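Before I ask anything, let me first share the structure, which is written out below as structure tokens.
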Amino acid sequence: MAWTLAELSKIETDVLRKSVIDTMIMESNILEMCPWETIGQLSTGVVSIQDLPSVGFRKINAGYEESTGHFQHKIEHISLLGGYIDTDKALARAKNTIADARAIQQQLMIKAMTYEFNDKFINGNPSGSGTSLEFKGLLGRVDDINSDGYTSQKVQHDVTTVLATDAKMYAFLDAIDQCIYSIKGHKPDYALMSQRTLLGLRSLLRRLKLLDTTKDMFDRVVDVYQGVRLIDMGVKADQSTQIITDVETNAGVTTGSNRSSIYFVKFGMGDMSWGIQQYPIEVEDLGLMTDKPVYRTMVDWPLGLATVDPRSLVRLYGFQMTAA
């Protein structure tokens, strides 16, 4: 059975663990809706349909031609995400602070972990040599899907200053509709983008009276187009570098101009894309360390992503929302 962190938060009874979960989903729209499958191991095999068997017509007293569908098997791996939260004994026991020092440090660490997850969800690029231990993100997954022949899942839109003219706006909206249609069921859960792209798309949709809104579990307003939530992926843990940048360089698009991407994703455990974890996130108070006077809390989450259906992911790339 798969749970989202939003669902888990509602039934969590451990105060420390619940505070960690709530902080993570506050900082990540992805974690609010992504289902997590507990696999109990460091890797799991997933099987997707590669092609269907052939069918045909036959003559009277004749047989059908035999045909068999084919499957594709691949391995999805777990990456170990976590950290230690150390608070000096003197700070933890100080009575003249306006907030609990350990709680503040815990919140900062969890925010950093969440920003790291958000970044790797898009840009994760594990290396075969083991020097890069992260899980593979959507960028690499879409490239793999495109290499497998699903070219409709990677859409190039080589247009500059999308908002400059009506013709460019309509063409950009056509490209977005193409991507939405390329998702199985024609309804992705999220469209993930940069801040500049979100503000530009919001402006475009508002002009055309196509912008809808909904609210997340924290009662925050979320932009919606055709039932798809429009999400700014925000920044990395350094609080300045955009996760989806506006200065991408891509083969096949005009060089020397700032470009960006939108990623469309549909979640579904076992049949679309979903999160995998060896075990659910654990938060453990390790108490006072013996080698130095600090209180330590450990946060540990062995996780990864899995994709079965190539039509659960689409990338629109190569456009420039506004002038650089």
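Any read-out appearing in this document is the output of simple, stated calculations on the displayed coordinates, not a laboratory observation. From a predicted model like this one, the values you see are computed outputs, not experimental measurements. Positions of Cβ are generated from backbone atoms using ideal geometry, with glycine treated the same way; all protein chains shown enter the neighbour counts.
Tell me the Kirkwood radius of segment 48-193: reciprocal of the mean inverse pair distance over distinct alpha-carbon atoms, in Å. Don't skip to the answer; put the middle values down first.
Working: mean 1/r = 0.0473 Å⁻¹.
Kirkwood radius, segment 48-193: 21.1 Å.
Could you give the length gained by full extension between Met217 and Thr165, i.e. 0.36 nm per residue of separation minus their alpha carbon distance, to one decimal place?
That pair, Met217 and Thr165, stretches by 15.0 nm at full extension.
Using modelled amide H (1.01 Å from N, peptide plane; none on Pro or chain starts), what sits under 5 Å from the amide H of Glu37, excluding residues fewer than 5 places away?
Gly275, Ile276, Gln277
Return the subset of Lys111/Lys215; Lys10/Lys215; Lys18/Lys209 for which the Cα-Cα distance in this structure is over 29 Å, preserving the input order.
Pairs exceeding 29 Å: Lys18/Lys209.
To two decimal places, what compactness ratio does segment 228-324 give when its Cα radius of gyration is scaled by 2.2 N^0.38 Å? Don't skip to the answer; put the middle values down first.
Values: Rg = 19.9 Å, N = 97, 2.2 N^0.38 = 12.5 Å.
Rounded to two decimals, the normalised Rg is 1.59.
Right, something else. Ordered by residue, what ³J(HN,Hα) values in Hz, to whole numbers, does segment 101-112 give under the Karplus form 6.51 cos²θ - 1.76 cosθ + 1.60, where θ = phi - 60° and Gly and Pro are x?
4, 5, 5, 5, 4, 4, 5, 5, 5, 5, 4, 4
Quick one: check the C-alpha center-to-center distance for segment 1-76 versus segment 117-170, whole angstrom.
One Cα centre to the other: 20 Å.
Expressed in nm to one decimal, what extension gain is obtained for the pair Arg202 and Asp144 from 0.36 nm per residue of sequence separation less their Cα-Cα distance?
17.8 nm
Efficiency by 1/(1 + (r/R0)^6): what FRET value for Ile104 and Lys10, r their Cβ-Cβ distance, R0 = 25 Å, to the nearest 0.05?
0.50
For segment 136-191, what's the relative contact order in percent, using C-alpha pairs closer than 8 Å and at least 6 residues apart?
Rounded, it is 23 percent for segment 136-191.
A further question on this structure: Quick query: amide H of Asp148 versus all other amide H atoms, modeled in the peptide plane; which residues come in under 5 Å with a sequence gap of 5 or more or a different chain?
Those qualifying (amide H under 5 Å, at least 5 residues apart or on another chain) number zero.
Could you line up Ile176, Ile39 from fewest to most neighbouring Cβ atoms inside 10 Å?
Working: Ile176 24, Ile39 17.
With the sparsest Cβ surroundings first, the list reads Ile39, Ile176.
Just rank Arg315, Arg207, fewest to most, by other beta-carbon atoms within 10 angstrom.
Arg207, Arg315
Can you give me the long-range amide H partners of Lys136? Hydrogens built in the peptide plane at 1.01 Å from N, cutoff under 5 Å, separation of 5 or more residues or another chain.
Leu305
Here is a follow-up. State, as an integer percentage, the relative contact order of segment 96-251 based on alpha-carbon contacts under 8 Å between residues 6 or more apart. Display every interim value, and only then the final one.
On the way: 159 pairs, mean separation 30.1, N = 156.
Across segment 96-251, relative contact order equals 19 percent.
Taking θ = phi - 60°, what integer Hz values does the Karplus form 6.51 cos²θ - 1.76 cosθ + 1.60 yield along segment 80-85, in sequence order, with x for Gly and Pro?
Listing the rounded values in order: 9, 10, x, x, 9, 10 Hz.
What share of Cα pairs, in percent, lie more than 17 angstrom apart in segment 1-118? Let's see the in-between values first.
Values: 5013 of 6903 pairs.
For segment 1-118, the fraction of Cα-Cα distances above 17 Å is 73 percent.
How large is the direction-averaged shadow of the alpha-carbon convex hull of segment 108-188, in nm²?
Result: 8.3 nm².
Once phi is turned into ³J(HN,Hα) by the Karplus curve 6.51 cos²θ - 1.76 cosθ + 1.60 with θ = phi - 60°, what whole-Hz value does each residue of segment 15-28 show in order, with x for glycine and proline?
4, 5, 5, 5, 5, 5, 4, 5, 5, 5, 6, 5, 9, 9
Please rank Phe264, Phe117, fewest neighbouring Cβ atoms within 10 Å first, as an exposure proxy.
Ascending number of Cβ neighbours within 10 Å: Phe117, Phe264.
At q = 0.12, 0.15, 0.18, 0.19 Å⁻¹, work out log10 I(q)/I(0) for segment 124-268 with the Debye formula, treating every Cα as an identical point scatterer and leaving solvent out; two decimals please.
Reported log10 I(q)/I(0), two decimals: -0.55, -0.87, -1.27, -1.41.
Next question, about the same structure. Here are a few candidate values for log10 I(q)/I(0) by the Debye sum over Cα atoms at q = 0.08, 0.15 Å⁻¹: [x] -0.35, -1.36; [y] -0.44, -1.26; [z] -0.35, -1.24. Which one was actually calculated from the structure I just gave you?
Label [y] holds the value from this structure.
What's the long-distance tail for segment 271-311, i.e. % of Cα pairs beyond 18 Å?
The answer is 52 percent, as a whole percent.
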